[in-house]
Amino acid sequence: MAYSTKQQQAILNCLKQRRDMPMSAADLAAELRQSGQPVGLATVYRQMEKLEAAGQVHKVNTEEGAYFQYCSHPEGDRKQDCLLLKCESCGRILHLDCTQLQPLYEHLLQEHHFTVDHRRTLFSGLCEACAKKERKDGEQ
């Protein structure tokens, strides 16, 4: 990203600190205000659009609304395929680099003329810790 404002950097740093937890624009604005960096909600949305377009954040659409999460790809590698996994129990979103879905994406394109937007695709299930807890609770 060629040009970055102080507010944009503050938002990005806030997302980096909570890299496994998605944040809404309202959560981001509140957290920034709490840390002494006043920023308006409209500014947060505007900066999130720019950061998403640059590949620095993921926009995750849920039933509760849009959430944003830092994308941990190294600079210059932001267009790499990402796989996002959301734990239905704890809410954590795992950012994963995995090429195993590429054959499925190709199949959907060739056979069904559908292009998957991997940056916005979200798989739901249980993370390892929650699955273990669920199995343990089921044994009792």
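Counting only residues that are more than 13 Å from Pro22 (Cα to Cα) and part of a loop (DSSP other than H, G, I, E, B), which one in segment 45-71 is modelled with the lowest pLDDT? Lay out the reasoning, then the answer.
Going residue by residue through segment 45-71, those that are more than 13 Å from Pro22 (Cα to Cα) are 45-47, 49-56, 63.
Narrowing further to those that are part of a loop (DSSP other than H, G, I, E, B): 54-56, 63.
Values: Ala54: 84, Gly55: 83, Gln56: 86, Glu63: 79.
Once the filter is applied, the top-ranked residue is Glu63.
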message = I want to confirm something. Restricting to segment 12-36 and keeping residues that are part of a loop (DSSP other than H, G, I, E, B) and within 11 Å of the chain's Cα centre (by Cα), which single residue is modelled with the highest pLDDT?
response = Ser24
ask   = From Glu106, Glu88, which residue is touching a Ser or Thr at 6+ places or on another chain (Cβ under 6 Å), more than 29 Å from Lys6 (Cα to Cα), among the acidic types (Asp, Glu) and at pLDDT 90 or above?
value = Glu88
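Check whether at least one residue in segment 106-122 is among the aromatic types (Phe, Trp, Tyr) and within 20 Å of the chain's Cα centre (by Cα), and report yes or no. Walk me through how you get there before you give the answer.
Taking segment 106-122 and keeping what is among the aromatic types (Phe, Trp, Tyr), we get 114.
Adding the requirement that they be within 20 Å of the chain's Cα centre (by Cα) leaves none.
Looking through segment 106-122, none of the residues is among the aromatic types (Phe, Trp, Tyr) and within 20 Å of the chain's Cα centre (by Cα).
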note = Restricting segment 1-11 to residues that are surrounded by fewer than 19 Cβ atoms within 10 Å (Cβ to Cβ) and of a type outside the set (A, V, I, L, M, F, W, C), the one modelled with the lowest pLDDT turns out to be Tyr3
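Out of all the residues in segment 113-122, is one or more part of a loop (DSSP other than H, G, I, E, B), within 16 Å of Leu15 (Cβ to Cβ), polar (S, T, N, Q) and at pLDDT 85 or above? Steps first, please.
Step one: of segment 113-122, the residues part of a loop (DSSP other than H, G, I, E, B) are 113-121.
Filter again for within 16 Å of Leu15 (Cβ to Cβ), leaving 119.
Checking which are polar (S, T, N, Q) leaves us with none.
There is no residue in segment 113-122 that is part of a loop (DSSP other than H, G, I, E, B), within 16 Å of Leu15 (Cβ to Cβ), polar (S, T, N, Q) and at pLDDT 85 or above.
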task = Taking Glu106 as the residue in question, decide whether it is in contact (Cβ under 8 Å) with a residue 40 or more places away in the chain, farther than 23 Å from Lys16 by Cβ, surrounded by 11 or more Cβ atoms within 10 Å (Cβ to Cβ) and out of contact with any strand residue (DSSP E or B) (no Cβ under 8 Å at 6 or more places or on another chain).
result = no
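The values are calculated or read from the model by the stated rules, or taken from the named source; none is laboratory data. The shown structure was predicted, so the numbers you read here are calculated from the model rather than taken from an experiment. Cβ atoms come from the backbone with ideal geometry, glycine included; neighbour counts cover every protein chain shown.
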